[in-house]
1. Condition (residue is in a loop (DSSP other than H, G, I, E, B), within 29 Å of the chain's Cα centre (by Cα) and among the small types (Gly, Ala, Ser)) applied to region A:613-621: is it met by at least one residue?
2. Just for region A:656-679: of the residues that are under 14 Å from A:Gly747 (Cα atoms) and not small (Gly, Ala, Ser), which one is nearest to the chain's Cα centre (by Cα)?
3. Would you point out which residue out of B:Cys133, B:Cys64 is outside the structural domain of B:Leu20 (by TED's automatic domain parsing) and surrounded by 20 or more Cβ atoms within 10 Å (Cβ to Cβ)?
4. Which of the residues spanning region A:357-386 are farther than 20 Å from A:Asp436 by Cβ and of a type outside the set (Gly, Ala, Ser)?
5. For region A:322-339, check the following and say yes or no: at least one residue is within 14 Å of chain B (Cβ to nearest Cβ), part of a loop (DSSP other than H, G, I, E, B), modelled with pLDDT under 95 and surrounded by 24 or more Cβ atoms within 10 Å (Cβ to Cβ).
6. Which residues, counting only those in region A:895-920, are part of a loop (DSSP other than H, G, I, E, B) and at pLDDT below 85?
7. Any residue in region A:217-227 that is small (Gly, Ala, Ser), farther than 21 Å from A:Leu523 by Cβ, part of a helix (DSSP H, G or I) and touching a helix residue (DSSP H, G or I) at 6+ places or on another chain (Cβ under 6 Å)?
8. Give the residue that is modelled with the highest pLDDT, with candidates limited to residues of region A:729-763 that are of a type in the set (Gly, Ala, Ser) and within 14 Å of A:Leu917 (Cα to Cα).
Amino acid sequence: MKTFQSVAQFKTYRESFLATSDQNKPCIVICGGTGGQASGSNDLIRIIKRQILEKDLHDKLALRITGCLGFCEMDPFIIVEPGYNLYPKLQMVDVPRIIDAAVKGEVVEDLLYREPGSTVKRYSEKEIPFFQGQTRIVLGQNQHLDPIRISDYLKIGGYAALEKALQKKDRAWLVDEILAAKLRGRGGAGFLTGKKWELARNMKTRGPKYIICNADEGDPGAYMDRSMLEGNPHAVLEGMIIAALAIGATNGIIYVRTEYPLAIKHATLALRDVRQLGLLGKNILGQGIDFDIEIFHGAGAFVCGEETALIKSIEGKMGEPRQRPPFPIQKGLFGHPTCINNVETLSNVPYIINHGAAEYLKIGVENNAGTKIFSLVGKIKNTGLVEVPLGTPIRKVVYDIGGGPSGEAKIKAIQTGGPSGGCIPASMFDLPIDYDSLAKAGSIMGSGGMIVMDHNTCMVDVAKYFMSFLKDESCGKCFTCRKGTQRMHEILEDITEGRGTPGHLKLLFELAQTVKDTTMCGLGQTAANPVLSTLKYFRDEYERHITDKRCDAFACKELTGAPCQSACPVDTEPWRYVALVEKGDYEEAYRVIRSANPFPAVSSRVCDRKCESRCSLGVSGGEAIGIRAIKRFVTDRVDPSAYRPKPAKNKGKEVAVIGAGPAGLTAAHNLSILGYKVTVFEAEQVPGGMLSCSLPAYRLPRDIVEKEIQTLLNGNIKIEYGRTLGKDMTLQDLLSKKFSAVFLSIGAHESWRLDLENEDIEGIHPSIQFLKAFNIRGEQLAKGHVGIIGGGNSAVDAARVALRQKDVTSVSLFYRRTREEMPAYEEEIDAALEEGVRIETLISPVKIHARQEEIDAALREGVELETLVTPVKIYSREGRVVGMECIKNRLGDVDATGRRKPVPIAGSEFKVELDTLIVAIGEKPQSEFLSAMGLDVDQGGRIKVNSKTLETSLKGVFAGGDLVTGPNTVIDAIASGKKAAQCMDRYLQNQTLTVPAVPKRPSFFIEPAVIDEVEAQTSTRAEPTVLPPAQRLKNFREVTMVLPEDQARSECRRCLRCDLEFTRTKAAEQPAAAAIGGGKNG
Amino acid sequence: MVNLILNGLSISVEKGTTILEAAKFYGFPIPTLCHKEGLSPYGACRLCVVEIGEGPGAKLVSSCTYPVEEGMKVRTASERVLKARRIIIELLLASCPQSKVIQDIASRHNVRQQRFRQEHEDCILCGLCVRMCKEQMMAGAIGFRGRGKNRSLGTPFDMKSDVCRLCGGCMEVCPACQARCTFNQPEKAICGGCANLVPPCIEKDQFHDMMCYMSPCVACEIKKD
């Protein structure tokens, strides 16, 4: 390379590159940035190189090793130009096929990118939503150049802006251009770069003037500055030289942290090349300007990203900020005027000079021109670097570009701006991302970190994490920042470990305000943001930690204890009975289960397994322990007589329970044990409520329900059948007669209506009536082709029951969203499909809790599923249903529940012929008569209660179960019955109804099993066998079998025993401690 | 001269004066811990914050480091200032409850209890001793080490500094105080207390060329314990 002495010479040289690029020669592009290398791209590069050598492909194929391309989730990936075919997450064996195809101009179909869960192939990078949503004016260049080759940068028009800047002698226009482009500092505060340059230009000084590029990027999870310096160092240098020309700087410094070795390497190589060309150093291109840049390695203190601390650090002093004014522009490095710009700010400069301010202003929104790079990380599908125009709504970045949540949990919030930023809740995702909106919402733009959090993230824990970071990274000079962050961390620690008091919240808020107000530098002034923003938007989470001692995200260990136990609504200790089964002590295991849950056999069949969804083994990447199957094993094996609770002495008071469902019977049983006489009034002729009338026998055999209920009854309980509240008696009657308190648990037995014409004609049944008719009276109401509308558990139950009725030929399920959004249990849906049910997806106006597994089960049984359809009309002939008209939907934007809204497609109506239609779009309690008796009832027909005590608005009347929550799970009903019994006992004994909460932690030590490495790594989850679909047709035999003993016990051996952390006694630890001590002494 | 409004009063002071100096001159007391005449302003204790500006642009700045500006409006005891100051005093009390200086400031501000977990620290890292040592005693024997919660005060590697003359200046200015007397062990980091002119309790030969003005002699007090 030769050194140029004039702009014209350089121009000729530069332009000679523009023509050389061969657009048609296939080129393999692979990311060699830090992220790519960490994912294994180095191995791929080695193979590509060897292949090119071995097959002699030099003339046919080019290889370009670039910096970070942004799509880090898919690393290591290869893009093949000119078709821009993107092959994600490659293995080494895939590479030769790609090379062969690239040379022939073909595409390797099976390796192409698909969105997770989709089968649609994306042939070109430009078709991928991740890239489509972005405007990559800065980051986009990375793909087209090898950062260590200046020729690549020149090929794409690099240094044209510098050339332009050098051509005119008066360089004030550069400042004007940047000012006109309204470029704001990308480091976070958003000060107008043009303004800063103007101030710097106007500073008269006899000594040197500095321009510093701030590449001290310290935010956890943020790496866009690193990627810029790694992937396109010349753009940064070009911007920096232009800045130097504009402000008249004589010295430039790139302050980059030592933790970025690749960035330092690439920047060093780039500096060498630029110096050789004569663009840097003495007398730049013969223009009489001296300017040189050096690289300064920062030692990695977070605070050194703050400009005054950064200056101190370069000066060789302790990196701590000082009070401004004077600003660095006036008195900076070594006392000389210093202009400090962020890497990304400088990278934007060449674009503005090349294209003009007017063009730049077209990107983004008013006062927030241009684009911003974010590093999108956390619980998101597409982790990576995202460059979007300022003013883009958060929703677009998170759902369209980011692809939504990575797991099953819904997205709860994003955190922007690194440790000093704030959290923005999902309800505010329409907020445009720009400096002013984010500041208004209590966060900051910061350098561009964007951490996505889902419902498994505890916001208190997040605040604690950032405080822990800041208390270590605060320089410690000013008292409020040093002590303030320490004390905030201390308070948050208290809250997350169960020592929080209501006073803590006020103190925390006051302290955070003070820290924000009184600290010296930017670090301290924003340090309180994580606390303030979470306090503002997630105060309820703080309160739950403090008053209920619960962490709903299961993140705070001291409040969670063993996750399976914490997750259980009835406080069962699954870890304990799992450990007991492993030891073979089944009776004791039964007692553990039964002491917490009066319906162990029922729960072992129909519980929705909250414990398993929180199992540490499951959430950490393995398969959750099959806790319900183990419980089934125990309850099938042990006779209920193993547990006989002893009733307390008669307390002389009587209680009435309305409704003999799981909630009512649990309350009655527990109250009878506590020494009360209980009378249960049941409207039907059988006990069990939903257990008997709604849950199908193939899931829950009738004899199991009957046997379980019999064990709960004792001398203190009397059940009166056929007695209906509102018809046979009133609340006032009961309270004025012999009963001191009443527990209402009449469930939710009224179906929501479709509100379509002809809904009341023959052949149309609300699902609950349909199920009741069959389960209690044996009536088979369905015949011919049966249509079922809904996607919840009762829809799937109705489908599978219909399928088993004798006159039914086929069953179709219609749902308005897609299979993924169906609220029914996955396994049930599958089973239904397997048994022959057809599912079409359509309408469900209320939310019903259910799970995907149930859906699977239904599908396996042969239910046909039709998704994305909504019924609009019902056809009738001679007063009987003959069919309905549906309209197709597509999924629209994500709504408040985190699911995509169904949007009808005009003109897509179609007709379905039906003989029976079952409406299963949800149930609600029949509670009109209760509000007439003076109880508060909400719009959904639910009784309003104090959630802590279950008291209603009438004194002495308590309520629980589906009547309070709307249709809900059996286990939640049992839990509310249990809680009601406790609260009614306190009420009847004239005690305060609430007691201070304590965290649920394991408290009983059981020796862990000894498991060797091989067993630990090879064991897999034991799934109970199910009846094959052929054997299930037209009968109600129980579908799920019990685990055999050896499988049940080996399943228990997989348990990680989270309880041991809390229960391992001092005695158990002593020998180990002694051994260590002894070793030392010896 | 610079004209500004201080607590509603139009005043003019010399250019380069800090807000703290101006307020002091006009008789508005502002509490400070890390500021001392003759030492360079440091701005670490944040007790001296005052409110400047108006409306949404109003902010708190440390008056000891902020030079007066033409036309600025300063409030030395607005509600926002006092609220912040009280929390700072609570934080100080939580860390250093035994300091007489801090107790006095607390009682002047009517702070009678602190709500944090009680600690008993010797140092608030105000840096007075460091500046005293460097700027007045021209020694630079002590300084800060570490950052964040690990920040502490002392000599490099906790060894006695060659430039320390055991003058005791650091202890004289300390409001807290960490620069504790280390009894009669002159090889320890900072000392000076026992080097009384006539300390009866210690062997004289090691200390004959030292001076100390601490009264009573700290060495004796420690010995009594």
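1. Kept after step one, since they are in a loop (DSSP other than H, G, I, E, B), are these residues of region A:613-621: A:614-615, A:620-621.
If we keep only those that are within 29 Å of the chain's Cα centre (by Cα) as well, we get A:614-615, A:620-621.
Those left that are additionally among the small types (Gly, Ala, Ser): A:620-621.
Looking through region A:613-621, at least one residue is in a loop (DSSP other than H, G, I, E, B), within 29 Å of the chain's Cα centre (by Cα) and among the small types (Gly, Ala, Ser).
2. The extreme case among them is A:Pro662.
3. Details: B:Cys64 fails: outside the structural domain of B:Leu20 (by TED's automatic domain parsing).
Just a single option satisfies the conditions, and that option is B:Cys133.
4. A:Glu359, A:Leu376, A:Val377, A:Lys379, A:Ile380, A:Lys381, A:Asn382, A:Thr383, A:Leu385, A:Val386
5. Start the filter on region A:322-339 by keeping residues that are within 14 Å of chain B (Cβ to nearest Cβ), which leaves A:322-327, A:330-331.
Those still in the list that are part of a loop (DSSP other than H, G, I, E, B) too: A:322-327, A:330-331.
Next, only the ones that are modelled with pLDDT under 95 stay: A:322-327, A:330-331.
Those still in the list that are surrounded by 24 or more Cβ atoms within 10 Å (Cβ to Cβ) too: none.
Within region A:322-339 (the criterion being within 14 Å of chain B (Cβ to nearest Cβ), part of a loop (DSSP other than H, G, I, E, B), modelled with pLDDT under 95 and surrounded by 24 or more Cβ atoms within 10 Å (Cβ to Cβ)), the answer is no, since none of the residues qualifies.
6. Residues satisfying the conditions are A:Asp895, A:Ala896, A:Thr897, A:Gly898, A:Arg899, A:Ile905, A:Ala906, A:Gly907, A:Ser908, A:Glu909.
7. Of all residues in region A:217-227, those small (Gly, Ala, Ser) come to A:218, A:221-222, A:227.
With the extra rule that they be farther than 21 Å from A:Leu523 by Cβ, the set shrinks to A:227.
Those still in the list that are part of a helix (DSSP H, G or I) too: A:227.
If we keep only those that are touching a helix residue (DSSP H, G or I) at 6+ places or on another chain (Cβ under 6 Å) as well, we get none.
No, the conditions are met nowhere in region A:217-227.
8. Step one: of region A:729-763, the residues of a type in the set (Gly, Ala, Ser) are A:736, A:740-741, A:745, A:747-748, A:751, A:763.
Subsequent filtering for residues that are within 14 Å of A:Leu917 (Cα to Cα) retains A:751, A:763.
Numbers: A:Ser751: 84, A:Gly763: 87.
The extreme case among them is A:Gly763.
The values are calculated or read from the model by the stated rules, or taken from the named source; none is laboratory data. All of these numbers come straight from a predicted model, not from anything done at the bench. All Cβ positions, glycine included, derive from the backbone under ideal geometry; neighbour counts span all protein chains shown.
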